[in-house]
1. Working carefully through the options 228, 251, 239, 282, find the one that is under 29 Å from residue 87 (Cα atoms) and either open to solvent by 20 Å² or more (accessible area, probe 1.4 Å) or among the aliphatic types (A, V, I, L, M) (or both).
2. Any idea which of 289, 246 is open to solvent by 10 Å² or more (accessible area, probe 1.4 Å) and under 25 Å from residue 52 (Cβ atoms)?
3. Filter segment 78-119 down to the residues that are open to solvent by less than 60 Å² (accessible area, probe 1.4 Å), assigned to a loop (DSSP other than H, G, I, E, B), under 27 Å from residue 259 (Cα atoms) and in contact with a helix residue (DSSP H, G or I) (Cβ under 6 Å, 6 or more places away or on another chain) and list them by number.
4. Mind checking whether some residue in segment 265-279 is more than 30 Å from residue 156 (Cβ to Cβ), in a helix (DSSP H, G or I) and not small (Gly, Ala, Ser)?
5. In segment 148-163, how many are over 15 Å from residue 174 (Cβ atoms), open to solvent by less than 50 Å² (accessible area, probe 1.4 Å) and in contact with a Phe, Trp or Tyr (Cβ under 8 Å, 6 or more places away or on another chain)?
6. Restricting the search to segment 43-67, which residues are farther than 17 Å from residue 283 by Cβ, open to solvent by less than 60 Å² (accessible area, probe 1.4 Å) and assigned to a helix (DSSP H, G or I)?
7. Between residues in segment 73-91 that are on the phi > 0 side of the Ramachandran plot and residues that are surrounded by fewer than 19 Cβ atoms within 10 Å (Cβ to Cβ) and in a loop (DSSP other than H, G, I, E, B), which pairs lie under 7 Å by C-beta distance while being six or more apart or on different chains?
8. How many residues are hydroxyl-bearing (Ser, Thr, Tyr) and at pLDDT 95 or above when one looks only at segment 293-312?
Amino acid sequence: MKSPVVASVICAFIYWWQASHGYGQAPFYQGKTVTVVQMVAAGGTGDVRRKALFPFLQKYIPGNPTIVSEYMPGGGGRKAANYIYRSARPDGLTIGGLSSSMVANAVLDTGGVQYDLDKFIYLGSPVSIFHYIFLTRSEAGLNSLDKLRSTPAVRIGAQEVGHDVYISARVFAYLMGLREPKFVLGYGGPEMDIALMGGEIDARAVSSETLVVRNAEWIEKKLVDLHAIVEVPKGNKPAPFARLLELETFAGSDRERRLVTMYRTFRVIGTPYLLPPGTPKAQVQILREAMSKAYQDPEFHKDFKRLSGFEASPIMPAEMEKAIRELPRDRETVELFKKLAGADPMPPR
């Protein structure tokens with residue numbers, strides 16, 4: 001029979017060994033609450049899309065913590081991004097739920113940015129695939145690239161300066177070499193459709209999803225001529241539009257190719273999730289693995305489509321980090337993009 005002293009030593013050793021190897025310890029996230037700081041207001045489309053992910057993130061984080069939203073709209077996402085960077089505790093319990101605007105704002109020197117893009121820790125996004133198509137109404141007679149280029153003052157519709165559709169249309173017009181195009185602003189999306197069919201405008205940029213779902217009859221009845229498409233990410237093109245020229249084919253210089261890369265990166269980032277700088281590596285690894293598993297769960301894809309109306313197209317944490325790292329940031333490309341995104345006349349090529 002062992003002496004009490006020997007037994008105590010053995011028990012102490014076993015306890016130490018189990019603790020050092022993680023046995024007998026509750027998961028870090030068990031009983032805790034993870035807060036997702038959203039740049040949108042409660043109840044909107046963006047909020048609904050994000051909440052589609054929450055049950056699956058909870059499922060794949062060991063310990064199954066409670067996940068809640070904190071809403072912080074304002075400044076085109078800058079308020080929430082600044083908070084995550086400057087004020088949120090880097091303890092793995094606060095996640096930023098932002099949009100690709102946080103990348104564009106930083107690279108394009110937008111006022112009010114108080115964060116360093118390269119110091120965030122990225123967790124990927126449930127969406128990364130976007131396709132914009134440049135089209136004209138058939139009655140305008142601009143059914144070839146030569147006619148489109150040779151016709152001055154083509155009227156192109158958009159919502160407002162800085163809107164994604166506006167920027168996309170300006171990039172198309174610039175790279176395709178349109179002659180002094182005229183941008184007609186102030187439309188909502190459906191209003192722009194009516195204006196196009198009614199002859200108030202001649203052209204617009206439109207997402208492939210909108211064209212297929214909302215405006216399918218345009219293609220069926222040959223009411224529009226399709227001219228070009230932008231692939232986001234590069235190499236991803238929907239089968240129905242495989243014949244269309246890709247935007248980058250119009251780039252005639254390294255500067256213009258960098259412009260397309262910048263445009264793509266701003267879009268491919270989607271609706272990123274991220275962590276504050278300094279978050280412990282152990283929590284980073286847990287959350288990155290949980291996010292990756294959630295993005296790949298077939299049930300998540302079903303719920304996301306049901307709640308958002310379109311397919312999820314995740315970009316994984318490592319891919320997002322790489323895209324941010326390789327994003328062109330030279331002054332020449334930045335200034336060109338800023339001119340195209342702004343209200344000034346189109347810059348010369």
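The values are calculated or read from the model by the stated rules, or taken from the named source; none is laboratory data. Keep in mind it's a predicted model, so treat the numbers as computed, not measured. When we count neighbours, we look across all protein chains shown, and the Cβ atoms used for this are built from the backbone with ideal geometry, even at glycine. Calculation scope for accessible area: heavy atoms of the full protein, side chains included, ligands and nucleic acids excluded. Shrake-Rupley method; radii C 1.70, N 1.55, O 1.52, S 1.80 Å.
1. On inspection, the qualifying residue turns out to be 282.
2. Among 289, 246, only 289 is open to solvent by 10 Å² or more (accessible area, probe 1.4 Å) and under 25 Å from residue 52 (Cβ atoms).
3. Across segment 78-119, the qualifying residues are 98, 99, 100, 108, 112, 113, 115.
4. Of segment 265-279, the ones more than 30 Å from residue 156 (Cβ to Cβ) are 273-279.
Those still in the list that are in a helix (DSSP H, G or I) too: none.
Checked segment 265-279: no residue is more than 30 Å from residue 156 (Cβ to Cβ), in a helix (DSSP H, G or I) and not small (Gly, Ala, Ser).
5. 2
6. 46, 47, 48, 50, 54, 56
7. Filtered contacts from segment 73-91: 75/112.
8. Total satisfying the criteria: 1.
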